[in-house]
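The values are calculated or read from the model by the stated rules, or taken from the named source; none is laboratory data. Because the structure is a prediction, the values reported are computed rather than measured. Cβ atoms come from the backbone with ideal geometry, glycine included; neighbour counts cover every protein chain shown.
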Amino acid sequence: MENQPETTVRRHRRIIMFPLPFQGHINPMFQLANLLYSKGFSITILHTNFNAPKTSNYPHFTFKSILDNDPENRRFLLADFAQDFIHTQDHADALRHELKLLASGKDEPVSCLITDALWHFTQSVADSLNLPRLVLRTTSVHSTIVYSSIPLLDARGYFTLDDSHLEEQVVEFPLLKVKDVKKIGIKSSKDPYAELIGNMVKQTKTSSGIIWNSFKELEETELDRVPHDFPVPRFLIPFPKYFKASSSSLLEQDRTIVPWLDQQPTKSVVYVSFGSLSQVEEKEFLEIAHGLVYSKQPFLWVVRMGFIKNSTWLESLPKGFPGERGRVVEWAAQHEVLAHEATGVFWTHSGWNSTLESICEGVPMICSSFWGDQPLDARYMSDVSRVGVYLENGLQREEIASVIRRILVDEEGDEIRERARVLKQKADESVMKGGTSSESVETLVDYISSL
Ligand code: UDX
């Protein structure tokens with residue numbers, strides 16, 4: 001579909017949207033904003049100066065920066081992320097002030113506020129102004145449900161089980177192993193990260209609706225539980241099928257990749273990218289590098305500045321790397337790589353945007369995971385959707401090379417590729433007229449119009 005929405009429609013209602021200032025949260029919010037704009041709403045984006053969006057890519061939106069008065073050390077640096085969220089009274093006051101100004105201005109009447117689910121404090125602000133708030137949850141439905149059960153998992157002692165239990169099944173979520181739940185990164189339901197998630201879940205339940213970047217056919221088995229956990233209107237829309245994420249990229253995308261991909265054989269390239277936040281130790285970095293070389297397949301590897309702990313960029317790579325078969329870049333236009341016929345497999349950290357972008361292009365995955373929802377997504381892709389192989393025991397060069405060859409060279413790859421093709425087809429059908437995602441979009445538009 002077109003990446004530029006229609007701009008000449010007469011607009012009667014405005015939606016105010018407030019993304020969390022991290023790439024994996026900004027992208028889906030802008031995809032949703034473009035979609036709602038294409039359906040005739042005016043859009044105002046509230047944003048922080050930290051990781052501010054490139055406003056010039058969106059001349060059709062209005063932008064307003066807020067939360068600017070924070071002293072430098074309280075900006076939203078990831079390390080302080082959870083802590084910061086616990087003390088949000090200042091943020092609530094700043095937001096209330098802005099929303100009041102927007103509501104009393106000359107623009108179209110405001111229909112609702114849509115914020116990232118993690119901006120939980122926005123619910124009480126919206127309530128105080130009688131403004132409906134919808135939530136965008138940027139993870140899967142499955143991981144949202146697991147997150148809503150964190151107090152239960154804590155009460156049953158999963159987060160503190162010792163390593164002898166890692167391979168055991170989680171009784172309450174039979175799909176998951178204990179190690180998946182432990183890898184979320186929570187020590188108890190009292191730590192700041194768990195408190196943040198707890199608040200997010202609580203305020204999502206009282207919101208006017210929840211929107212997921214997903215589609216019904218992908219998470220059919222999870223949907224039965226949702227009305228119980230989140231008894232509010234629910235909408236599942238696979239954003240990459242409507243708008244590409246690249247126009248909200250915070251980093252410059254290397255434009256020399258496509259000519260290089262053009263020269264590679266069909267479905268031969270391993271595309272490797274671990275998202276915008278993950279980091280590895282130097283030792284793991286070298287295992288990845290050697291694994292890619294050992295695989296003897298062409299590869300395209302995104303190594304973000306700061307990806308290797310205590311290192312700037314590629315200093316630690318052996319001489320002669322990447323050799324003639326590989327390319328290393330700082331940042332890619334991911335959708336172009338996934339859509340290219342040379343790309344045979346995506347080795348991903350299993351962030352939800354990357355996972356869904358891969359599904360929407362029918363590209364099978366090698367799944368790694370670091371923290372948060374990633375281990376849950378990786379497990380789902382390998383054991384439920386079966387469009388990925390989970391590298392669940394760390395990063396070792398021999399295993400990396402062998403998994404790459406299993407997918408790109410061995411017969412096993414044909415089966416995974418076929419399942420990925422079928423899943424992409426389901427995503428395609430879901431956005432056609434009468435399809436589940438298309439209906440979800442229409443229902444969402446009607447719902448917002450009725451508010
Ligand atoms: C994180 C979590 O991992 C994710 O599960 C959560 O839902 C949002 O926050 P991140 O780790 O950055 O996000 O991963 P991911 O969700 O995959 O988002 C990364 C985004 O960056 C994707 O939209 C991807 O297309 C984009 N990207 C990545 C690029 O544009 N270029 C690149 O080179 C790599």
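Data table
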| item | result |
| --- | --- |
| Qualifying residue in the stretch 39-50 (condition: assigned to a helix (DSSP H, G or I), more than 15 Å from the ligand (Cβ to nearest atom), among the hydrophobic types (A, V, I, L, M, F, W, C) and at pLDDT 95 or above) | no |
| One residue from SER214, SER207, SER249 being in contact (Cβ under 8 Å) with a residue 40 or more places away in the chain and closer than 16 Å to LEU338 by Cβ | SER249 |
| Condition broken by PRO132, with the remaining ones in (1) touching a helix residue (DSSP H, G or I) at 6+ places or on another chain (Cβ under 9 Å); (2) under 19 Å from LEU196 (Cβ atoms); (3) of a type outside the set (Val, Ile, Thr) satisfied | (2) |
| Members of the stretch 185-196 that are of a type in the set (A, V, I, L, M, F, W, C) and farther than 13 Å from ASP116 by Cβ | ILE186, ALA194 |
| Any chance LEU376 is surrounded by fewer than 24 Cβ atoms within 10 Å (Cβ to Cβ) and either among the hydroxyl-bearing types (Ser, Thr, Tyr) or touching a residue at least 40 places away in the same chain (Cβ under 8 Å) (or both) | no |
| Number of the condition not met by LYS106 [criteria: (1) surrounded by 15 or more Cβ atoms within 10 Å (Cβ to Cβ); (2) out of contact with any Pro (no Cβ under 7 Å at 6 or more places or on another chain)] | (1) |
| Any hit, the stretch 286-297, residues being over 23 Å from PHE321 (Cβ atoms), at pLDDT below 95 and part of a helix (DSSP H, G or I) | no |
| Filtered residue count, the stretch 265-298, keeping only those that are on the phi < 0 side of the Ramachandran plot and within 12 Å of the ligand (Cβ to nearest atom) | 8 |
| Filter result (of a type outside the set (Val, Ile, Thr) and modelled with pLDDT of 95 or more) within the stretch 181-195 | LYS182, LYS183 |
| Residues within the stretch 431-451 that are closer than 19 Å to ARG14 by Cβ and touching a Lys or Arg at 6+ places or on another chain (Cβ under 8 Å), tallied | 4 |
| Count of residues meeting criterion [surrounded by fewer than 18 Cβ atoms within 10 Å (Cβ to Cβ) and part of a loop (DSSP other than H, G, I, E, B)] in the stretch 255-267 | 6 |
| Check on ARG417, basic (Lys, Arg), touching a Lys or Arg at 6+ places or on another chain (Cβ under 8 Å) and without any contact (Cβ under 8 Å) to a residue 60 or more places away in the chain | no |
| Residue match in the stretch 63-74 (condition: surrounded by fewer than 17 Cβ atoms within 10 Å (Cβ to Cβ) and modelled with pLDDT of 95 or more) | yes |
| Complete set of residues in the stretch 126-174 that are within 16 Å of the ligand (Cβ to nearest atom) and under 16 Å from ASN213 (Cα atoms) | VAL135, LEU136, ARG137, THR138, THR139, SER140, VAL141, HIS142, SER143, THR144, ILE145 |
| Condition met for SER438 (surrounded by fewer than 24 Cβ atoms within 10 Å (Cβ to Cβ), within 18 Å of the chain's Cα centre (by Cα) and among the hydroxyl-bearing types (Ser, Thr, Tyr)) | no |
